[in-house]
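Everything on this sheet refers to the single structure shown next.
The values are calculated or read from the model by the stated rules, or taken from the named source; none is laboratory data. None of these values were measured; they are calculated from a predicted model. Glycine also receives a Cβ, built like all others from the backbone with ideal geometry; neighbour counts cover every protein chain displayed. Just the protein is used for accessible areas: all its heavy atoms, side chains included, with ligands, DNA and RNA removed. Shrake-Rupley method; radii C 1.70, N 1.55, O 1.52, S 1.80 Å.
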Amino acid sequence: MPGLAAVLSSLLLFSLAATGSAQDSKEPYLGKFINKFNSYHHQVSGHVYAVDQYTILIKDFSYDGEGTDTFFWAGSNNRPGPRGFILPDEHDSTNVLQRYHNNDVTLTLPQDKKLSDIKWLAVYDLTVQDTFGDVYIPEGFEAPQPQSLTSLSRRGHGVSSGQIRIIDSKTIEVKDFSYDGTGGEVYFWVGVGPQPSSKGVKVPDEYGYVNPLRRYDKEDVLVTLPGEMTIFDIKWLAVWNVDEKQGYGWAIIPDGLNIPPSLVEIIPMKTKFPNCEQLHKDLQIRWSTHGPSITMELAAQIEEDEYVAFGFSGSQTKTQMLGGDAVVAYINDYLTFTEDYTLTAHSPCLKVLDVFKGVCPDEKVGGLSNFQFTSRSREDGITSFQFRRDFDTRDEGDILVSDTEGAYIIWAIGKLDKDLKPTFHRLYPKHNIKINFNRKPEELNCQAFTSVQHPKRKPWGPFHFSDINIQKITARLGPSGGMRGFTGTTGQLSSSLAWYLHGYLVPEIYLKRGQTYKFLVEGGKNPADPEFYHPFIITDDPVGGYGQLDEEARREIRVLAGVEFTRRGKPQPTAAGRLCVWKHQDTGDRRLDDDFSDFKRFRNSLRLHCEGGEAAVLEVTPNNTWPATVYYHSYSRPHMGWQLHIVDELPVLVGAAAPGAAAAAALTLAALLALAVGA
């Protein structure tokens, strides 16, 4: 992601493309203007802005680079002189200044200084003690800083808040926000005029979704204004019901706010299509229709190892993944793929009783690929795929799309695995989305893309336990926990599910050689269920999914427990017990998993659901032939388990930190049993 200097520079350079906006000639907001440089020598020039109390932006800075010992120099005496201090350049370097020609330069004051502590900024040569150019800070000058407003008014559905803070020109923080979540088509909504009205604009929620607002209970919410819009373009922020055309609470935005410019990078929208809908802050669907076909463009802000999926719901009355028909688009080096998928289960494509089920390419389930690729581009961080599809493909596995009425759609963004197959999505909708692809008049309901830098959150794990008294270990299923869960702990891509051993998400367990352990396995025993059939196995392979591999790949893996082989060498799992799953509660949303500060809070938000029957028992006695590190897995799906450490003597763990992760938990037997609710 770009740093401060790069973002501010991009604000100066971008030009607006066709978005239906009335802001085509608007200059970007750079902060509070101080003055232009007084030029004395060496062609020094530029316009100087205060970004905030600690940051200065010089727009169109020039200097011929001919000085001997020249630096950016600041001080608090009446005029530039030898008493002062060096400001590092835009690269945070204190090297002698080189030549500049109309460059945009961002300077950050030292940690113990702020703008009110200095009276001038100069381009100064220390050897000859001469000022080549300077600018003076006016007396009483107030640098931009976040501004606090009143709270939201309370008009219904439990809407309330603490103070509203304008963080910068595109970011609003709503402190202690509450809303009961029952209002229906309710959104953050901004606009002009003396009070909220239907002539406003939807604002994506704090996760970038253009969804009806969920329930909030005294949460701090950061709202980023969409596209090129800034705080100076609006007069109010509301919680607005689109259907009822009424606000449940709002706040007025005063004029003349002295706030910092936004660090959000704006990426202009470029399209020749007459229709566009914003599905997420990072995803747009654009299209045109001609006769029996739709030509579509997916434009997404994704990483190079990610895919974007778009398609048609498996239900005619709501947005539903199951039964859906979608295109999965991605780029691999110079090759582009737009593959037609049929979605029959919430799982990767698995062979279940000799039939492929799950998220499978049409060609694997007897269909044809009917999304016809035409072109693609990758520019300014936006990847676009263009393809064509008929309203009626006459393919049994495809959804018939009405050319007169709206169609419910589905979409997702996620990572590709090493085999270039889509893994569990990180972004996806949880509300109904309906689009009429033959609508009249045509509409462009999209904004420019915005790129926001989010701080990286520490994973909850890894969790280690080592206890001579533990000889029975409960193995159940549960959600993989977002980037702070399975992926954060293992560094691997995640499935939707992962193993919970004694209530912990993929812990690392120490087993002593020669001691017998019993794994009580509750991962499902119905082999016809592609989502919840997970016999427990132990191998020397870190990935898992042994049952889905071909014979050649299996030869490379040593199975240590959980699989028997027939006389013909066909593998059969031996540890498939009843199904016990930790699930999100009815009001839970797994897209919010990363918001939990620690695993205990996350686990306490789940509820255990168990079917009738008994656990399978997998008994193992590690011996001297076992490697020092082995892995527990699901027989039927990869990326669900993690490490077992095989040792001669169990270590005493005292909370040692794992590299790049949170401190490892040294778990006692009592702590494990306390967490293993329902064991």
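Rolling a 1.4 angstrom probe over the protein heavy atoms, how many square angstrom per residue are accessible across the chain?
46
Divide the volume of the convex hull around the Cα atoms of the stretch 285-363 by the residue count and you get 144 Å³ per residue. Think of the chain as a dipole: +1 on every Lys or Arg Cβ, -1 on every Asp or Glu Cβ, centred on the Cα centre; then among F61, P527, L444, P527 lies furthest on the positive end.
This model, with +1 at the C-beta of Lys and Arg and -1 at the C-beta of Asp and Glu, gives the stretch 563-614 a dipole about its Cα centre of some 340 debye.
Applying 1/(1 + (r/R0)^6) with r as the Cβ-Cβ distance of K364 and R601 and R0 = 45 angstrom yields a FRET efficiency of 0.65. Given K114/K202; K170/K272; K36/K202, which pairs have Cα atoms separated by over 29 Å? Beyond 29 Å: K114/K202; K36/K202.
Loop-resident trypsin sites (Lys or Arg not before Pro) (DSSP state other than H, G, I, E or B) in the stretch 206-290 with no more than 14 further Cβ atoms inside 10 Å of their Cβ: R215, K245, K272. Solvent-accessible surface (1.4 Å probe) assigned to C446 amounts to roughly 10 Å².
Each helix, a run of at least 4 DSSP H residues, gives -39500 (n - 2.57); summed and divided by the residues of the chain, these come to -1000 deg cm²/dmol at 222 nm.
A convex hull fitted to the Cα coordinates of the stretch 306-435 yields 121 cubic angstrom per residue.
The candidates L57, L560, arranged from most to least accessible area with a 1.4 Å probe in the full protein assembly, appear as L560, L57. When you filter the trypsin sites (Lys or Arg not before Pro) in the stretch 411-474 for DSSP loop state and at most 16 other Cβ atoms inside 10 Å of their Cβ, you are left with K418, K430, R439, K456, R457. Pull up the cross-link candidates among the lysines for K113, meaning alpha carbon to alpha carbon under 19 Å and not fewer than 8 places away within one chain. In chain and number order, the partners are K32. In a DSSP loop and with at most 14 other Cβ atoms within 10 Å, there are no chymotrypsin sites (Phe, Trp or Tyr not before Pro) in the stretch 236-311. Treating each Cα of the chain as an identical point scatterer and summing with the Debye formula, the log10 of I(q)/I(0) at q = 0.06, 0.08, 0.10, 0.11 Å⁻¹ comes to -0.45, -0.77, -1.08, -1.19.
Roughly how large, in nm² to one decimal, is the mean projection of the convex hull of the alpha-carbon atoms in the stretch 377-454? Mean projected area of the Cα convex hull: 8.2 nm².
Length gain on complete extension for the stretch N77 to Q316, per 0.36 nm per residue less the alpha carbon to alpha carbon distance?
Gain in length upon complete extension: 78.7 nm.
For the stretch 355-450, the Cβ-based charge dipole about the Cα centre amounts to some 420 debye (Lys, Arg positive; Asp, Glu negative; other atoms uncharged). Each peptide among 353-360, 482-489, 226-233 gets the average number of other Cβ atoms lying within 10 Å of its residues, and from highest to lowest they stand as 482-489, 226-233, 353-360. Sorted largest first by accessible area at a 1.4 angstrom probe radius, with every protein chain in place, the residues W626, W499 fall in the order W626, W499. For the chain, the dipole from Cβ point charges (+1 on Lys and Arg, -1 on Asp and Glu) about the Cα centre works out to 1640 debye, to the nearest 20. The relative contact order of the chain comes to 9 percent, based on Cα pairs under 8 Å that sit 6 or more residues apart. Only lysines eight or more places from K364 in sequence, or on another chain, were considered; those with a Cα closer than 22 Å are K351, K415, K418, K421. Here the simple spin-label model places points 7 Å from the Cα toward Cβ, and for T182 and K472 these points are separated by 4.4 nm. Applying 1/(1 + (r/R0)^6) with r as the Cβ-Cβ distance of N623 and N432 and R0 = 45 angstrom yields a FRET efficiency of 0.20.
No solvent, one uniform scatterer per C-alpha: report log10 I(q)/I(0) for the stretch 24-130 via the Debye equation at q = 0.16 1/Å, two decimals. The Cα Debye sum returns log10 ratios of -0.68. Ordered by 1.4 Å accessible area with all protein chains kept, T127, T336 run largest first as T127, T336. Extension gain for H101 to Q163 (0.36 nm times residue separation, less C-alpha to C-alpha distance): 17.9 nm.
Note: the stretch 87-242, Cα convex hull, 177 Å³ per residue.
Using only alpha carbons, the stretch 159-260 has a radius of gyration to Kirkwood radius ratio (Rg to Rh) of 0.92.
If you line up the long axis of helix 4-13 against the longest principal axis of the chain, both from Cα atoms, how many degrees apart are they, to the nearest 10? That works out to roughly 70 degrees. Estimated at the nearest 10 Å², the accessible area of E556 is 150 Å² with a 1.4 Å probe. The stretch 225-300 and the stretch 347-401 have Cα centres lying 29 Å from one another. At the residue level, H47 shows approximately 80 square angstrom of accessible surface with a 1.4 angstrom probe and all protein chains present.
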